[in-house]
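One structure is given here, and the rest of the page talks about it.
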Amino acid sequence: MSSHRNAILWVVAAALLWSTGGIGIKAIADSPLKVTFYRSLFAAIALFLVFGRDVWGRRHWRSTTAFITAIVCYGACLTTFVIATKWTTAANAIFLQYAGVVWVLLLSPLVVREPMRTRDVVAIVVAIGGMGLFFVGKFEARGMSGNAMALVSSVFFAGLILALRREHDAAQSAVTWGNVVLALALLPFVAKDLALTWKSFGVLAFLGLFQIGLAYAFFVRGLKYVTATQASLTGMLEPVSNPIWVFLLLGERPSAFAIAGGVIVLAAIAWHTMMGEPVAALPAPD
């Protein structure tokens, strides 16, 4: 089997592991902050083992401000995504978070001085139209709050991508240290409720060690032999598979409007990617 085909399989494996985030978060009754704390704790351990001295023995960034911004955005993105997944359907959470690409396109001219092109405008308009469909239909306060939290997560995802546009070589370090900082930041909020059932322990260990840690290792390995465009398109298996696992295992059924909105958002991003370079080489943290 060729190196290129192997690399595609590594990216597919990474995307499928990432896609288990929704089912894992919904499978346990622990609070969102507790889930985020333990998942990041396990993820930090896994990432330090995987990347080793590449993340703790060397400095890969030029601007400390941009690197700190990336870490803060990464942690906030993870936290708000977990809250969103608890409050709304897995489909709404992942599709709306993935729409962070729209904010990257909108803010790139201001933040990184990249010109706005015709294909950017088309993708933005179509994707925003798709995002609007998530807020159509039966009104439920908690569900709408979850949708809003997913949108907040998408903004932090955009912040992470824009920060890493300035620090191309710091992605592994930002993800690793982002999990460390997030776990430390959340510890005071969960310190009085650290007890876990065996089920919760197993699920959270899986989410941290495999859904984040091993998945990033697979993705990085695959990127060595595939283009960023191929990796970005293949990575779309994640938002497609995430709600499927939740539907098959937990019976959670997204609304027809949410499915239509998700298809439109992903189609807009895929079209934009095929027309040029992908907006984000790094997948959305979830």
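Listed values, structure above:
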{"item": "Accessible area per residue, Å², the chain with all protein chains present, probe 1.4 Å", "result": "45 Å²"}
{"item": "Kirkwood estimate for the stretch 148-188, i.e. one over the average of 1/r between Cα atoms, Å", "result": "11.3 Å"}
{"item": "Potential lengthening between Arg53 and Ala256 on full extension [0.36 nm per residue; Cα-Cα distance subtracted]", "result": "68.4 nm"}
{"item": "The chain, accessible surface, carbon-and-sulfur percent (1.4 angstrom probe)", "result": "69 percent"}
{"item": "Length added when fully stretched, Val263-Ala29, from 0.36 nm per residue minus Cα-Cα", "result": "81.3 nm"}
{"item": "Length-normalised contact order of the chain in % [C-alpha pairs under 8 Å, at least 6 apart]", "result": "43 percent"}
{"item": "Choice from Trp103, Trp271, Trp177 with maximal GNM fluctuation in the chain (Cα, 10 Å cutoff)", "result": "Trp271"}
{"item": "P(r) tail fraction, the stretch 177-249 - alpha-carbon pairs more than 22 Å apart, %", "result": "44 percent"}
{"item": "Fluctuation leader among Ile161, Ile71, Ile28 - the chain, Gaussian network, Cα springs under 10 angstrom", "result": "Ile28"}
{"item": "Gaussian network model of the chain, Cα within-10 Å springs - most flexible of Val11, Val152, Val50", "result": "Val50"}
{"item": "For the chain, radius of gyration divided by Kirkwood radius, i.e. Rg to Rh on alpha-carbons", "result": "0.94"}
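The values are calculated or read from the model by the stated rules, or taken from the named source; none is laboratory data. Since the model is a prediction, treat every value here as computed from it, not as a measurement. Note: accessible area is taken over every heavy atom of the protein model, side chains too, but ligands, DNA and RNA are not part of it. Shrake-Rupley method; radii C 1.70, N 1.55, O 1.52, S 1.80 Å.
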